[in-house]
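The values are calculated or read from the model by the stated rules, or taken from the named source; none is laboratory data. The model shown is predicted, which means the values in this text are computed figures rather than measured ones. Note that each Cβ is placed from the backbone with ideal geometry, even for glycine, and that neighbours are counted across all protein chains shown.
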Amino acid sequence: MKTKLSKFYHLLYKRHFYGWTSPLRVLPDFIVIGVVRGGTTSLFENLSKHPCIYSSSYDELGFFDSNFELGLNWYRSLFPTIFRKKISELRKKCFMTYDVTPFYIWNPLVTQRIHDIFPKIKLIAILRNPIDRAYSNYFLGVRSGTENLSFEEAIGKEIELLGKESLSDQAIYQRPRSYITKGFYAHQLKPWFEIFRKEQLLILQTEKFATDSSSIFFEIFDFLQLPRHTIHEFKKMNVAKYPPMKEETRMFLKEYYRKYNDDLYALLGKSFDWN
């Protein structure tokens with residue numbers, strides 16, 4: 001009963017018109033699964049500038065992890081209508097919509113849930129140098145008031161805990177200070193490669209997105225089998241300024257992540273210039 005009331009409240013009251021019309025709405029054609037502080041918000045904001053791509057109501061929908069109990073109709077309420085799809089297909093010969101939730105990547109339960117519902121869906125992950133991702137994530141905590149340790153103290157405590165735990169323990173990714181852990185990309189991506197075909201996954205690099213966004217968008221459009229389109233007035237989102245990392249800290253993390261990065265390169269069959 002409690003679950004039914006929660007579904008009713010979130011679908012018909014909180015989503016109001018969109019909830020009532022959910023049976024007339026589509027589901028995503030592709031999902032951006034990660035990573036946090038990797039450029040996913042900029043992807044969300046700019047992908048819909050392609051004439052055939054329509055965004056969801058907002059980014060970080062979190063349906064397949066924290067909102068799964070709300071049901072598929074709630075998820076539908078966040079996407080365009082079937083009429084919008086038909087109009088786009090008639091006028092432009094194509095239509096796609098998407099979900100961007102960077103927390104999906106590290107949750108194997110999400111991997112299975114997506115496969116159960118969308119076994120043929122296309123998936124995108126944009127990966128940032130784990131050192132810079134951790135540092136950016138740390139300052140997000142500082143700005144929000146949830147982090148009062150220095151970066152060195154925070155990662156020191158985390159690495160100490162990791163020495164006593166298994167990477168297969170999902171709880172390590174849910175900790176507020178999992179700055180280092182979220183950079184173990186090979187471990188996070190392996191379940192996706194195990195149940196989805198390799199052709200369904202596109203793995204991008206944040207650094208290239210920052211310096212050559214056009215080529216990244218062309219790579220995405222080719223992957224989605226959409227006509228190439230130049231994204232004008234590219235809008236960078238969530239750009240933050242903070243002091244540079246201590247050189248000795250960067251050198252330590254460069255060596256710390258070397259093995260994990262090599263594991264990633266072996267999984268992908270290609271390497272980034274993080275080492």
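Only one of these conditions is not met by Ile53: (1) touching a Leu at 6+ places or on another chain (Cβ under 6 Å); (2) crowded, with 22+ Cβ neighbours inside 10 Å; (3) over 19 Å from His229 (Cα atoms). Which number is it? Condition not satisfied by Ile53: (3). I need the full set of residues from the range 12-41 which are among the polar types (S, T, N, Q) and within 25 Å of the chain's Cα centre (by Cα), in order please. Scanning the range 12-41 gives Ser22, Thr40, Thr41. Can Leu70 be described as surrounded by fewer than 16 Cβ atoms within 10 Å (Cβ to Cβ) and either at pLDDT below 95 or over 17 Å from the mean Cα position of the chain (by Cα) (or both)? The answer is no for Leu70. Looking across the range 195-213, the residues that are in a helix (DSSP H, G or I) and not charged (D, E, K, R) come down to Ile195, Gln200, Thr206, Phe209, Ala210, Thr211, Ser213. Only one of the numbered conditions (1) surrounded by fewer than 16 Cβ atoms within 10 Å (Cβ to Cβ); (2) modelled with pLDDT of 95 or more; (3) of a type in the set (S, T, N, Q) is not met by Ser77, and that is (1). Annotation note: of Leu11, Leu61, Leu47, the sole residue that is hydrophobic (A, V, I, L, M, F, W, C), modelled with pLDDT under 95 and crowded, with 19+ Cβ neighbours inside 10 Å is Leu11.
Matching residues to (1) among the polar types (S, T, N, Q); (2) under 21 Å from the mean Cα position of the chain (by Cα); (3) surrounded by 13 or more Cβ atoms within 10 Å (Cβ to Cβ); (4) part of a loop (DSSP other than H, G, I, E, B):
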position	(1), (2), (3), (4)
Asp222	no, yes, no, no
His232	no, no, no, yes
Lys236	no, yes, yes, yes
Val239	no, yes, no, yes
Tyr242	no, no, yes, yes
Thr249	yes, no, yes, no
Leu253	no, no, yes, no
Arg258	no, no, no, no
Asp262	no, no, yes, no
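Just the residues that are under 25 Å from Thr111 (Cα atoms), aliphatic (A, V, I, L, M) and out of contact with any helix residue (DSSP H, G or I) (no Cβ under 6 Å at 6 or more places or on another chain), please, taken from the range 135-167. Leu162 - this is the single residue of the range 135-167 that is under 25 Å from Thr111 (Cα atoms), aliphatic (A, V, I, L, M) and out of contact with any helix residue (DSSP H, G or I) (no Cβ under 6 Å at 6 or more places or on another chain).
For the range 107-118, the set of residues classified as touching a residue at least 12 places away in the same chain (Cβ under 8 Å) and either touching a Lys or Arg at 6+ places or on another chain (Cβ under 8 Å) or exposed (fewer than 15 other Cβ atoms within 10 Å of the Cβ) (or both) consists of Leu109, Gln112, Ile117, listed by residue number.
Report every pair of residues separated by at least 6 positions or lying on different chains whose Cβ atoms are under 6 Å apart, first residue within the range 244-259 and under 18 Å from Glu153 (Cβ atoms), second among the aromatic types (Phe, Trp, Tyr) and at pLDDT 95 or above. That search, which allows pairs on different chains as well, returns Met245/Tyr135.
Count of the range 19-39 residues, restricted to those that are among the β-branched types (Val, Ile, Thr), buried (at least 21 other Cβ atoms within 10 Å of the Cβ) and farther than 17 Å from Leu224 by Cα, is 1.
Summed over the range 40-76, the residues that are at negative phi and in a loop (DSSP other than H, G, I, E, B) give a count of 15.
Here the condition is being β-branched (Val, Ile, Thr) and in contact with a Phe, Trp or Tyr (Cβ under 6 Å, 6 or more places away or on another chain); of Ile195, Ile203, Ile220, Ile216, it holds for Ile216 alone. Specify the residue that is nearest to Tyr58 (Cα to Cα); the eligible residues are those in the range 77-117 that are aromatic (Phe, Trp, Tyr), part of a loop (DSSP other than H, G, I, E, B) and over 17 Å from the mean Cα position of the chain (by Cα). Within the range 77-117, the match that is nearest to Tyr58 (Cα to Cα) is Phe79.
Per the conditions (1) out of contact with any Lys or Arg (no Cβ under 6 Å at 6 or more places or on another chain); (2) under 21 Å from Val100 (Cβ atoms), the sole criterion not satisfied by Ile180 is (2). Taken as a whole, the structure leaves Ile216 outside the set of residues that are of a type in the set (A, V, I, L, M, F, W, C), part of a loop (DSSP other than H, G, I, E, B) and surrounded by 16 or more Cβ atoms within 10 Å (Cβ to Cβ).
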